[in-house]
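The values are calculated or read from the model by the stated rules, or taken from the named source; none is laboratory data. All values reported here derive from a predicted model rather than from experimental measurement. When we count neighbours, we look across all protein chains shown, and the Cβ atoms used for this are built from the backbone with ideal geometry, even at glycine. Just so you know, the surface numbers come from the protein's heavy atoms only, side chains and all, with ligands and any DNA or RNA stripped out. Shrake-Rupley method; radii C 1.70, N 1.55, O 1.52, S 1.80 Å.
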There are 2 protein chains.
Amino acid sequence: MLGLLSAGPASGYDLLKTFEISLASVWPATQSQLYAELGRLSKEGLVRVVAEGPRGRKEYEITEEGHTELCHWLVEVPPNQTRRSDMLLRVFFLDQVGSDAARGYLERLAERAVHEHDQLRGIREFVISEGDDALRLYGDIALEWGLRLTAAQRDWAEWAAARVAALEQQKAGHTAAE
Amino acid sequence: MLGLLSAGPASGYDLLKTFEISLASVWPATQSQLYAELGRLSKEGLVRVVAEGPRGRKEYEITEEGHTELCHWLVEVPPNQTRRSDMLLRVFFLDQVGSDAARGYLERLAERAVHEHDQLRGIREFVISEGDDALRLYGDIALEWGLRLTAAQRDWAEWAAARVAALEQQKAGHTAAE
DNA sequence: TCGCGACATGTCAACACAGGAATGTACGAT
DNA sequence: ATCGTACATTCCTGTGTTGACATGTCGCGA
């Protein structure tokens with residue numbers, strides 16, 4: 001919220017819209033959370049209501065303290081290391097479903113990665129056309145992360161599927177030899 | 001829990017220990033959650049108490065239904081796409097702290113990635129020594145994901161820091177020329 | 001002018017999660 | 001014999017999160 005407001009004043013509704021198209025992919029949150037958070041921030045003096053519009057619209061602005069707090073969080077608060085990945089959790093137990101289904105799972109992961117990668121490429125082309133230099137720099141860096149991540153995921157999933165296939169083969173040969 | 005129990009019967013305490021050394025990095029959870037989950041699973045008939053040991057120890061076993069449910073989850077339940085990343089969220093607002101601090105943040109990300117990568121390499125070497133083929137396959141595949149992810153993160157962070165530095169340079173030159 | 005869709009905020013119940021405290025038992029070493 | 005450690009489970013409190021529901025306003029086109 002503080003980050004979004006640092007680009008200029010906006011209402012909760014505005015922030016919600018901006019949030020959904022830009023940040024929801026890296027930080028999912030619901031409307032209730034956003035409004036609740038605005039209330040909290042307002043009570044703590046990190047944001048301030050600067051105007052009231054038509055339908056009860058309240059326009060918020062980031063305060064000095066808010067900006068200080070934002071910068072503090074950006075560079076000083078230690079990043080959260082552990083991310084939860086159900087995708088990887090499943091891999092640990094993939095031996096339970098047999099190598100055929102396991103290979104299928106990995107192949108589907110590869111396909112999904114390719115699909116996501118293409119989507120991101122589409123977004124980048126769209127964003128590039130309306131570039132405004134310094135402001136778009138960090139958005140592009142984040143996008144690049146997505147591109148590299150999905151590319152790595154495709155490679156990995158294909159590699160893993162091949163390894164499973166190799167073991168499958170080896171086992172079949174072993175059984176036939178006996 | 002179901003996945004861990006599919007390797008054989010165990011108590012909540014056993015599962016907790018196994019969990020901490022093997023899965024906590026991809027699926028953080030606390031002791032309270034694990035015990036609570038066991039209770040729930042037991043009530044739903046997906047696990048069953050097979051023996052009571054010394055200190056109130058209850059040994060659980062996965063049931064037929066539990067195993068069916070596990071396999072169902074592994075291959076049929078659609079994976080969760082959105083992962084939360086405070087690291088990436090910060091990148092979006094990095095222009096707020098100036099290019100110097102921003103570059104510092106990215107460089108620290110690169111360092112952290114290298115450190116994690118080394119740790120994972122250490123783990124792999126330790127695991128390789130006590131390999132038992134098919135069983136260790138999927139653990140190794142998961143490990144490989146970690147290695148590729150951290151390598152990609154280092155490359156990306158270094159690339160991003162260089163881009164920020166380039167823009168910084170360009171700006172400085174522009175200002176000096178005026 | 002009527003109604004629909006976008007605007008705009010707020011509340012609620014249910015559940016997930018983190019972290020820690022409370023409680024107690026068994027075993028092995030001294 | 002007893003003391004510390006590992007074993008083993010349960011409960012509690014506060015906070016984060018989800019998804020749905022409630023409420024109402026404005027503007028525009030038929």
- line: Taking the stretch A:31-70 and keeping residues near DNA strand C (Cβ under 8 Å from one of its atoms) and open to solvent by 50 Å² or more (accessible area, probe 1.4 Å) leaves A:Gln31, A:Ser32, A:Tyr35, A:Pro54, A:Arg55, A:Gly56, A:Arg57, A:Lys58, A:Glu59
- line: Of the residues in the stretch A:1-53, those that are within 15 Å of DNA strand D (Cβ to nearest atom) and in contact with a Pro (Cβ under 9 Å, 6 or more places away or on another chain) come to A:Ala51
Pick from the stretch A:151-167, criterion touching a residue at least 12 places away in the same chain (Cβ under 8 Å) and more than 10 Å from chain B (Cβ to nearest Cβ), ranking: nearest to A:Ala113 (Cα to Cα): A:Arg154
- request: Scan the stretch B:148-178 for residues that are modelled with pLDDT under 90 and not hydroxyl-bearing (Ser, Thr, Tyr) and jot them down.
  value: B:Leu167, B:Glu168, B:Gln169, B:Gln170, B:Lys171, B:Ala172, B:Gly173, B:His174, B:Ala176, B:Ala177, B:Glu178
message: Taking the condition of being away from DNA strand C (no atom under 13 Å from the Cβ), farther than 14 Å from B:Asp86 by Cβ and under 15 Å from the mean Cα position of the chain (by Cα), how many residues in the stretch A:6-29 meet it?
response: 2
Residue pairs meeting the criteria (Cβ under 6 Å; at least 6 apart or on separate chains; first among the aromatic types (Phe, Trp, Tyr), in the stretch A:22-48; second within 13 Å of DNA strand C (Cβ to nearest atom)): A:Trp27/B:Arg84; A:Tyr35/A:Gly12
task: State all residues of the stretch A:54-78 that are part of a helix (DSSP H, G or I), among the acidic types (Asp, Glu) and more than 16 Å from DNA strand D (Cβ to nearest atom); if no residue qualifies, say none.
output: A:Glu64, A:Glu65
field: Long-range neighbours under 7 Å by Cβ, at least six apart or interchain, first residue assigned by TED's automatic domain parsing to the domain that holds B:Thr150 within the stretch B:91-107, second among the hydrophobic types (A, V, I, L, M, F, W, C) and in a loop (DSSP other than H, G, I, E, B)
entry: B:Phe92/A:Leu23
statement: Going through (1) at the interface with chain B (Cβ under 7 Å from one of its Cβ atoms); (2) of a type outside the set (S, T, N, Q); (3) crowded, with 16+ Cβ neighbours inside 10 Å one by one, A:Arg84 fails only at (3)
